[in-house]
Amino acid sequence: MGTFSSAAKNTMLDALTVTHASLHSSDPGGTGADELSGGSPAYARLAPTFNAAASSSRALNANLAFDVPAGSTVAYVGYWNGATWLGSDPVTNESFTGQGTYTVLASGTTLSLSDS
């Protein structure tokens, strides 16, 4: 397999439309399974904004603060285009005994492409 230039990777990343981010209690696999639900205020997917791609990566523009229901564990952040599942990233597990907030930080959250 060949290698793509950074310009080609940037073009591919900029074409990727991520409309929502989600939280998952375990590996969501290829379908977006195990998404959190419930709580008061209720858990909901959030609409992320990503910067334009540069150097084969595309950074999250602003933090995402999710409401998390009591008794939940956050293990993955998922990405969607409408109802279409795109993929996920594992995070350090965080368990919530009471209702809380989980923040996905813009610093360090990127979509990227690399050659294998």
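Computed quantities for the displayed model
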item	result
From THR101, THR109, THR84, THR97, residue being farther than 15 Å from PRO28 by Cα, within 15 Å of the chain's Cα centre (by Cα) and not aliphatic (A, V, I, L, M)	THR109
From the options SER88, SER107, residue that is at pLDDT below 95 and of a type outside the set (Val, Ile, Thr)	SER107
Residue that is nearest to SER72 (Cα to Cα), among those in segment 43-60 that are in contact with a strand residue (DSSP E or B) (Cβ under 7 Å, 6 or more places away or on another chain) and hydroxyl-bearing (Ser, Thr, Tyr)	TYR43
Test: ALA70 is outside any strand (DSSP E or B) and either in contact with a strand residue (DSSP E or B) (Cβ under 8 Å, 6 or more places away or on another chain) or in contact (Cβ under 8 Å) with a residue 12 or more places away in the chain (or both)	yes
Test: residue in segment 86-96 that is farther than 13 Å from LEU16 by Cβ, acidic (Asp, Glu) and either surrounded by fewer than 17 Cβ atoms within 10 Å (Cβ to Cβ) or in contact (Cβ under 8 Å) with a residue 40 or more places away in the chain (or both)	yes
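Residue by residue, here is whether (1) in contact with a His (Cβ under 8 Å, 6 or more places away or on another chain); (2) surrounded by 14 or more Cβ atoms within 10 Å (Cβ to Cβ) holds:
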residue: VAL18; (1), (2): no, yes
residue: SER26; (1), (2): no, no
residue: PRO48; (1), (2): yes, yes
residue: ARG58; (1), (2): no, yes
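The values are calculated or read from the model by the stated rules, or taken from the named source; none is laboratory data. In this text the structure is predicted, and so the values were computed from the model without any measurement. Note that each Cβ is placed from the backbone with ideal geometry, even for glycine, and that neighbours are counted across all protein chains shown.
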